[in-house]
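Below is one structure, written out as structure tokens; the observations come after it.
The values are calculated or read from the model by the stated rules, or taken from the named source; none is laboratory data. The structure presented is a predicted model; accordingly, all values stated were derived computationally and were not measured. Cβ: placed from backbone, ideal geometry, glycine included. Neighbour counts: every protein chain shown. Please note that ligands, DNA and RNA were not included when accessible areas were found on the heavy atoms of the full protein model with its side chains. Shrake-Rupley method; radii C 1.70, N 1.55, O 1.52, S 1.80 Å.
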Amino acid sequence: MTDHDTPDWRDALWADHVSLFEGSSPFATGLGTLPIGWRELVESLCSRLATVAPAEAGRLRITRLENDRATLNVAWETNPPHGSVDAETAEIAARATARSACTCETCGLTAARYRTGSSTTAACPMHRRRGSIEIAPNWPTIRTTRAFVDGRSRIVACEAYDRGLDRFIATSPSALGIKDFP
């Protein structure tokens, strides 16, 4: 039996960061799709975003915050647009998205993304479903920069998310199993 009067962590998140969600409803943002294993990273994301926009830069608002194929989907807007706030917000959102792709949805430990039929989950070895297949490379944890080289679009730079450092680090595409490199 569930006590429907007891607020869960998502209700507390909404209450703690009401200014980030102003004008939306929890249902419309997708907040209900977030698993308990991502609690720390979502709370950290919201705390970081709450400190980004100074009053003179306008308002920063989260419009989507949902689990999309075992990856945190973060959509936001600033009103009016503000270059430095937008850039910092994009980096914070990219790190949270990458972290979600390597964080177990059940317990929050280091994980990989797996596919079972049409379902995708981020799971640690303990919570991995039997028969699931690891998705590699784990694209949400990789950022690439492309340019035209000899008339073809090629990856010219690559960064991989380091969960321990909570940042992207330059790496070789071949080390990540990516073959498209000049």
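Only one of Ala147, Ala136 is modelled with pLDDT under 95, open to solvent by less than 70 Å² (accessible area, probe 1.4 Å) and closer than 19 Å to Ala170 by Cα; which? Answer to the check: Ala147.
Matching residues to (1) part of a strand (DSSP E or B); (2) surrounded by fewer than 17 Cβ atoms within 10 Å (Cβ to Cβ); (3) free of Cβ contacts under 8 Å to residues at least 60 places away in the same chain:
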{"position": "Cys46", "(1), (2), (3)": "no, no, yes"}
{"position": "Thr63", "(1), (2), (3)": "yes, yes, yes"}
{"position": "Glu91", "(1), (2), (3)": "no, yes, yes"}
{"position": "Arg99", "(1), (2), (3)": "no, no, no"}
{"position": "Thr121", "(1), (2), (3)": "yes, no, yes"}
{"position": "Pro140", "(1), (2), (3)": "no, no, no"}
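Evaluate the following for Arg128: is it basic (Lys, Arg) and touching a residue at least 40 places away in the same chain (Cβ under 8 Å)? So Arg128 does not fit the description; no. In the set (1) open to solvent by less than 50 Å² (accessible area, probe 1.4 Å); (2) over 21 Å from Arg48 (Cα atoms); (3) out of contact with any strand residue (DSSP E or B) (no Cβ under 7 Å at 6 or more places or on another chain); (4) modelled with pLDDT of 95 or more, the condition left unmet by Leu72 is number (2).
Among the residues of the stretch 29-44, the ones that are part of a helix (DSSP H, G or I) and over 23 Å from Ile142 (Cβ atoms) come to 7 in all. Going through (1) open to solvent by less than 20 Å² (accessible area, probe 1.4 Å); (2) among the β-branched types (Val, Ile, Thr); (3) assigned to a loop (DSSP other than H, G, I, E, B) one by one, Thr106 falls short only on (1).
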